[in-house]
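The block underneath contains the structure these notes are about, expressed in C-alpha cells.
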Amino acid sequence: MTSEEWVDGVKELRKNAQEIPDEVLVTLVGDMVTEEALPTYQTLLNTFEGCDDPTGDSESAWAKWSRGWTSEENRHGDLLNKYLYLGGRCDMRAIEVTIQHLITNGFNPNARKDPYRGFVYTSFQERATKISHGNVGKLARKHGDPLLQRICAKIAGDEGRHEKAYQAFVTEILKRDPNGLLAVFGDMMRGQISMPAEQMTDGHDDNLYENFSEVAQRIGVYTAIDYADILDHLIVTWDLEHLEGLNAEGEKERDYLCKLPTRYRKLAERSMNKAKKAGDDKPTLRQFSWINGRSA
C-alpha cells in the first residue's frame with residue numbers, strides 16, 4: 001500500500017480474481033481457513049512429550065523448531081486472507097466466523113501426546129497441504145490469475161520443506177526404534193488420518209467440511225487418490241520394505257502398511273467408477289456463505 005501504484009495493483013488483482021471459478025474459490029477459502037487455525041496446531045506440537053516448549057521461550061532445539069515452524073505457517077493464512085479480502089468476491093465476515101469456530105472447536109488427530117504419532121501425522125499432513133495448495137495454484141494459472149498461482153506455489157514450497165523436516169524426524173526414529181514406530185504407524189492407519197479442518201462450521205452449515213471436501217475432490221485439488229499416494233510416498237521415503245531389525249510384530253505391521261496404498265487406490269477407483277456408472281455426472285451443488293451464498 002506504500003507504493004504509488006498500489007491502486008492499480010489492487011485493480012489488477014481484482015480483475016484477475018474475477019476469472020476464478022466459484023469451485024476453485026471455495027477450495028481456496030477452505031485451505032485458508034485451515035491455515036488460519038494455526039493456534040490449534042502449535043498447541044498440538046506442545047503436547048508431544050519431550051518436544052514441547054514449557055516456558056514459551058525455551059532454548060531447546062524442539063522449542064525453537066516449533067516456534068520457527070509456527071512463524072512460517074503464520075504467513076500462509078495472512079497472505080491468503082489478504083488476497084481474498086482484496087479480491088472482493090467473498091463474504092469475509094462469514095469466513096472470519098468460520099475461522100473463529102474452527103479455532104474454538106479445535107481438532108484431535110489422536111496423537112496422545114506421543115511424538116511418534118505426532119511426527120507421522122505431520123509428515124502426512126504437510127504433504128497433503130502441499131498438494132492442495134499446489135493444485136489450487138495450477139487451477140489459478142489455468143484461469144488467468146498469475147498472482148494467485150505464485151502465492152499458492154510459495155505456500156506449497158514452504159509446506160514441502162516442512163514435510164521433509166518431519167519425515168526426517170521419523171527417519172531418525174526408525175533407526176533407533178523401528179518396531180515402536182511401525183506399531184504406531186500401523187495403528188494410525190487402521191483408523192484414518194484426521195484432517196485439521198474437520199470441525200469447521202460457519203454457524204449455519206453443519207456439514208461445511210464435508211461440502212468443502214466434496215468440491216475439492218470433484219475439481220481434483222485433493223482426492224482419495226492423493227491420500228493413497230501420500231501413504232505410498234511415506235513408505236518409500238522411509239524405505240519400509242527394507243527395514244532391518246524387526247521383530248515378528250514389526251514384520252506384520254510393515255507388511256500391512258506396504259499393502260495399503262494399493263488397497264486404497266482400488267477403493268478410490270471403485271468409488272469413482274461406481275459414480276460414473278450410476279450416471280452421477282451432474283454433482284449436487286451446495287450453497288456456501290463464504291462466496292455470498294452462491295452454489296458450488
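Select from the range 150-175 the residues that are open to solvent by less than 30 Å² (accessible area, probe 1.4 Å) and within 18 Å of the chain's Cα centre (by Cα) and list them in ascending order. So that I can check it myself, show each step before the final result.
Keep residues of the range 150-175 that are open to solvent by less than 30 Å² (accessible area, probe 1.4 Å), which gives 151-152, 155-156, 158-160, 162-163, 165-167, 170, 173-174.
Of everything in the range 150-175, those that are open to solvent by less than 30 Å² (accessible area, probe 1.4 Å) and within 18 Å of the chain's Cα centre (by Cα) turn out to be Ile151, Cys152, Ile155, Ala156, Asp158, Glu159, Gly160, His162, Glu163, Ala165, Tyr166, Gln167.
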Review point. Which residues, taken from the range 229-242, are closer than 23 Å to Val24 by Cα and surrounded by fewer than 21 Cβ atoms within 10 Å (Cβ to Cβ)?
Key: Asp229
Exercise for review: Hey, could you check the range 208-228 for residues that are part of a helix (DSSP H, G or I) and open to solvent by less than 30 Å² (accessible area, probe 1.4 Å) and say which is farthest from Arg263 (Cα to Cα)?
Suggested key: Leu208
Check your understanding: Checking Thr284 against (1) among the polar types (S, T, N, Q); (2) surrounded by 12 or more Cβ atoms within 10 Å (Cβ to Cβ); (3) assigned to a loop (DSSP other than H, G, I, E, B), which test does it fail?
Key -> (2)
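Yes or no: the range 42-56 includes at least one residue that is within 21 Å of Gly137 (Cα to Cα) and β-branched (Val, Ile, Thr).
Our first condition is that a residue be within 21 Å of Gly137 (Cα to Cα); within the range 42-56, this holds for none.
Looking for residues that are within 21 Å of Gly137 (Cα to Cα) and β-branched (Val, Ile, Thr), one finds none in the range 42-56, hence no.
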**Study point:** Unmet criterion (only one of (1) under 30 Å from Lys282 (Cβ atoms); (2) β-branched (Val, Ile, Thr); (3) modelled with pLDDT under 95) for Ile193
**Key:** (1)
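What helices (runs of 4 or more DSSP H) completely inside the range 91-201 contain at least 1 residues that are farther than 23 Å from His76 by Cβ and in contact with a Phe, Trp or Tyr (Cβ under 8 Å, 6 or more places away or on another chain)? Can you show your working first?
Working: elements: 92-105, 115-142, 146-176, 178-190.
Hits in the range 91-201: 115-142, 146-176, 178-190.
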**Study point:** Options Leu25, Leu45: the member that is out of contact with any Lys or Arg (no Cβ under 7 Å at 6 or more places or on another chain) and hydrophobic (A, V, I, L, M, F, W, C)
**Key:** Leu45
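Within the range 252-279, how many residues turn out to be open to solvent by less than 70 Å² (accessible area, probe 1.4 Å) and either within 20 Å of the chain's Cα centre (by Cα) or without any contact (Cβ under 8 Å) to a residue 24 or more places away in the chain (or both)?
Pass one, the range 252-279, residues open to solvent by less than 70 Å² (accessible area, probe 1.4 Å): 253-254, 256-258, 260-261, 264-265, 268, 275, 279.
Filter again for either within 20 Å of the chain's Cα centre (by Cα) or without any contact (Cβ under 8 Å) to a residue 24 or more places away in the chain (or both), leaving 258, 261, 264-265, 268, 275, 279.
Residues meeting the conditions: 7.
How many residues does the range 76-90 contain that are open to solvent by less than 50 Å² (accessible area, probe 1.4 Å), more than 13 Å from His133 (Cβ to Cβ) and not in a loop (DSSP other than H, G, I, E, B)?
Of the range 76-90, the ones open to solvent by less than 50 Å² (accessible area, probe 1.4 Å) are 76-77, 80-81, 83-84, 86-90.
Of the ones still in play, those that are also more than 13 Å from His133 (Cβ to Cβ) are 81, 84, 86-90.
Filter once more, keeping what is not in a loop (DSSP other than H, G, I, E, B): 81, 84, 86-87.
Looking only at that region, the number is 4.
Could you please find all residues in the range 1-25 being open to solvent by less than 90 Å² (accessible area, probe 1.4 Å) and among the polar types (S, T, N, Q)?
Start the filter on the range 1-25 by keeping residues that are open to solvent by less than 90 Å² (accessible area, probe 1.4 Å), which leaves 3, 7, 9-10, 13, 16-17, 20-25.
Correct list: Ser3, Asn16.
The values are calculated or read from the model by the stated rules, or taken from the named source; none is laboratory data. Values in this document were obtained by computation on a predicted structure and should not be read as measured data. Here the Cβ is made from the backbone with ideal geometry for all residues, glycine too, and neighbour counts use every protein chain on show. Note: areas computed on protein heavy atoms with side chains; ligands, DNA, RNA excluded. Shrake-Rupley method; radii C 1.70, N 1.55, O 1.52, S 1.80 Å.
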